[in-house]
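J.: Take a look at the following structure, please.
The values are calculated or read from the model by the stated rules, or taken from the named source; none is laboratory data. Only a predicted model underlies this, so the values are computations on that prediction, with no experimental measurement involved. Reconstructed Cβ throughout: ideal geometry from the backbone, glycine too, with neighbour counts over all protein chains shown. Each accessible area value is taken on the protein alone, full model and side chains, heavy atoms only, with ligands, DNA and RNA left out. Shrake-Rupley method; radii C 1.70, N 1.55, O 1.52, S 1.80 Å.
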Amino acid sequence: MTLAIMSALLDEQRGLLEQLGNPQRVKRAGRTFWCGQWCGHEVVLVLTKVGKVAAATTTTTLIEAFGVDRVVFTGVAGGVGAGVKVGDVVVADAFIQHDMDSSPLFARYEIPLYGCATMACDVTLTALLLEASRNGLAGVGSHFHRETPLSPPNVHSGLIASGDKFLASAQEVTQVLDGLRSAGHDALAVEMEGAAVAQVCRDYGVPFAAVRTISDRADDAAHMDFSGFVTQVASPYALAIVSQFVKTLS
Ligand code: ADE
């Protein structure tokens, strides 16, 4: 079996790449795929690039050209659920596209011709990732964001909303959340790729799980020190979680 580990940003991927045994670089579809071994598993590491279309191309290539049969995504997200703080971690149980709207032809958020709005993650892989997040982060020690120590990360599990928009104001977030809530969906976090990866994995019947570290609250300060957060917090968290995850994977 071959496991794909996808990340959105180079900094997040760097620490993972250092763990790869016998790394082989393969270029395809304008992306760099790193094939190797980790804890006895065949692994392919790749950057998705940003946004749903880029993530869909990357996922399709992973499955069609590299034959991966399990996909895990690690990255950052804006926290929008009550109590989801910067430095916390969200493991997705399902994804929705907050910018999908083919109404009045289809219900708001419904993915046309799929008959549903949400795409569930694989239950077994997600349970492993949740456990790996709890156990892996137990030993990460203290991290700082804008010179303030972060409280120990809480690990949440729930719905993540994806869309081709970096949300960076309270007004935008309220609009997105109110719309989702009125259709019965409560999102914990927002990002720009996960729902596309989930959809492609579902098309091919490939199990998928995703974890995101909360880098911001999708408010006016969302863009501040974004790269600093990725380097200092999200990258070590991703390494701690994925290291634990590959150890427990059968
Ligand atoms: N990824 C990290 N923060 C985000 C935000 N505020 N909006 C969309 N994607 C994000």
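Residues are listed down the side, and each one gets a yes or a no for (1) open to solvent by less than 60 Å² (accessible area, probe 1.4 Å); (2) at pLDDT below 95; (3) closer than 19 Å to ASP164 by Cβ; (4) not basic (Lys, Arg):
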| position | (1), (2), (3), (4) |
| --- | --- |
| LEU17 | yes, no, no, yes |
| LEU20 | yes, no, no, yes |
| PRO23 | no, no, no, yes |
| LYS27 | no, no, no, no |
| LEU47 | yes, no, yes, yes |
| LEU62 | yes, no, no, yes |
| GLY78 | yes, no, yes, yes |
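J.: Checking LEU180 against (1) in contact with a Ser or Thr (Cβ under 9 Å, 6 or more places away or on another chain); (2) within 16 Å of the ligand (Cβ to nearest atom); (3) hydrophobic (A, V, I, L, M, F, W, C), only one condition comes out false. Which one?
T.: Of everything listed in (1) in contact with a Ser or Thr (Cβ under 9 Å, 6 or more places away or on another chain); (2) within 16 Å of the ligand (Cβ to nearest atom); (3) hydrophobic (A, V, I, L, M, F, W, C), LEU180 misses just condition (1).
J.: Determine which single condition VAL43 fails, assuming it passes every other condition in (1) within 30 Å of ASP219 (Cβ to Cβ); (2) out of contact with any Phe, Trp or Tyr (no Cβ under 7 Å at 6 or more places or on another chain).
T.: In the conditions (1) within 30 Å of ASP219 (Cβ to Cβ); (2) out of contact with any Phe, Trp or Tyr (no Cβ under 7 Å at 6 or more places or on another chain), VAL43 misses (1) alone.
J.: On to the next question. Within segment 124-142, is even one residue at pLDDT 95 or above, under 18 Å from SER235 (Cβ atoms) and of a type in the set (Ser, Thr, Tyr)?
T.: Yes - at least one qualifying residue is present in segment 124-142.
J.: Can you confirm whether VAL76 is assigned to a strand (DSSP E or B) and closer than 28 Å to VAL173 by Cβ? Talk me through it step by step, then tell me what you get.
T.: On the way: assigned to a strand (DSSP E or B): yes; closer than 28 Å to VAL173 by Cβ: yes.
It is true that VAL76 is assigned to a strand (DSSP E or B) and closer than 28 Å to VAL173 by Cβ.
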